[in-house]
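Every read-out reported here was derived from the displayed coordinates using simple, explicitly stated rules and does not represent laboratory data. Quick caveat: nothing in here was measured; it's all calculated off a predicted structure. Cβ sites come from the backbone with ideal geometry, for glycine too, and all protein chains shown count toward neighbours.
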């Protein structure tokens, strides 16, 4: 025995609720974007690495839980959009950016496979890109699309969400992307074509039972995917009504127990590589583009950039996006600069998310150690049992869950920011 008193059983629940409440207030405060007069994002700084993010905002169907900038697919609009996106890439190249990593999200980036392939080819010709990550839907796991992309993409992320037919029906996904058995088979068939095939799953649906969750996990393990990302169900005001009418109202009371089940069931086949990401041993690249490189340039309608402590937000409007690109401008329309304290908290959040507190470069970045600059945050985390008893740099299983809570509230805050951006534009097909 080490003499430390056991923590009371009620402490984890109080810690989660306290953290959720504080973060909900703080994220609204720190994600208060102001209009920007910039025509382009700032150029790169010497010695820094940056990730390129491209946003493709088109989907065949709009999922009720999704808060990303997305539009119902229209081929003519999508063709024009891809052309504008390639023009914006050239503007980033003219600024001097030399990206080695590119992540393509949406929406559904594979909605026009030929256009996506052309965009990747132009990006590789423009920049010294070595790693390309891309999102897709299960119905795009087919021979024609995969043959086009397997030599262009290293990391493919498939949005499955659940293998349970009842949950898929509530999400209006049942039958549209194939049956659960078909999706599982396609993942196994095409996973060997990529360095990392990641499956995106969601947990804590209001109607989800523990057995439904366990069956989801068993199916994803058997699928042959090299990586699994298990997101807690998240929302924003813009989709709260559609979510309540379909999957139900979000409730975090069961979330910790469900996350414990995920860790238990995944333990024999996968190990955690980030707070909510699990990877097979020796499977290669991790499909989390913000873990290793904190600063990124986002191109496309509704994308974000984070550069030298400033968050930039692009216009969410397709028509405004096209007008800006045609006028020789990039799409940034809003910004917010953060002082050192907010930046230190962001870095701590990302380190917690990456399950890695071993590296402390705060003295280089901010002229102060993490322990001094964020003493209150670290005191709270230590008090509630987030750190191992023999190391203040290693998270306990509960600490891993708190990292999930932090990221859940951060992304919920970002979703609220997306809601604000939508309020300033016409509907343009956004649900």
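Could you calculate the contour length gain from residue 380 to residue 341, that is, 0.36 nm times the residue separation minus the distance between their Cα atoms, to one decimal place in nm? Mind dumping the intermediate values first?
Details: separation 39, 0.36 × 39 = 14.04 nm, distance 1.67 nm.
Length gained, residue 380 through residue 341: 12.4 nm.
Set the Förster distance to 45 Å, then compute FRET efficiency between residue 179 and residue 369 from the Cβ-Cβ distance, nearest 0.05. Don't skip to the answer; put the middle values down first.
Details: r = 54 Å, r/R0 = 1.20.
The computed FRET efficiency comes out at 0.25.
Give me the number: length gained by fully extending residue 189 to residue 74, i.e. 0.36 nm times residue separation minus the C-alpha to C-alpha distance, one decimal in nm. Mind dumping the intermediate values first?
Details: separation 115, 0.36 × 115 = 41.40 nm, distance 2.99 nm.
Between residue 189 and residue 74, full extension yields 38.4 nm more.
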Exercise. Taking Rh as the Kirkwood radius, which is the inverse of the mean 1/r over Cα pairs, what is the Rg/Rh value for the stretch 51-279?
Worked result: 0.97
For this session: Report the FRET efficiency, 1/(1 + (r/R0)^6), for residue 327 and residue 46, where r is their Cβ-Cβ distance and R0 is 41 Å, rounded to 0.05.
Result: 0.85
For this session: Subtract the Cα-Cα distance of residue 26 and residue 394 from 0.36 nm times their separation in residues, and report this length gain in nm to one decimal.
Result: 129.9 nm
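Can you tell me which of 32-44, 209-221 comes out highest on packing, and rank the rest after it, using the mean Cβ neighbours within 10 Å? Walk me through the numbers before you get to the answer.
Numbers: 32-44: 13.5, 209-221: 17.6.
My ranking of the peptides, most packed first, is 209-221, 32-44.
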For this session: Per DSSP H run of at least 4 residues, take -39500 (n - 2.57); add these up for the chain, divide by its residues and hand me the 222 nm value, nearest 500 deg cm²/dmol.
Result: -13000 deg cm²/dmol
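Can you give me the relative contact order of the chain as a percent, contacts being Cα pairs under 8 Å and 6 or more apart? Please report the intermediate quantities before stating the final value.
Numbers: 725 pairs, mean separation 90.5, N = 431.
Answer for the chain is 21 percent.
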Problem set entry | Residue exposure sequence - 55, 416, 140 - by fewest surrounding Cβ within 10 Å | 416, 140, 55
Seminar exercise, completed: Taking only the alpha-carbon positions of the chain as identical scatterers, the Debye log10 I(q)/I(0) at q = 0.09, 0.11, 0.12 Å⁻¹ comes out as -0.56, -0.86, -1.05
Exercise. Given labels modelled 7 Å from the Cα in the Cβ direction, how far is it in nm from residue 144 to residue 215?
Worked result: 3.4 nm
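If you build the Cα gyration tensor of the stretch 31-147 and take the root of 5 times each eigenvalue, what three semi-axes come out, in whole angstrom, biggest first?
Numbers: eigenvalues 127, 72, 36 Å².
Here the semi-axes work out to 25, 19, 13 Å.
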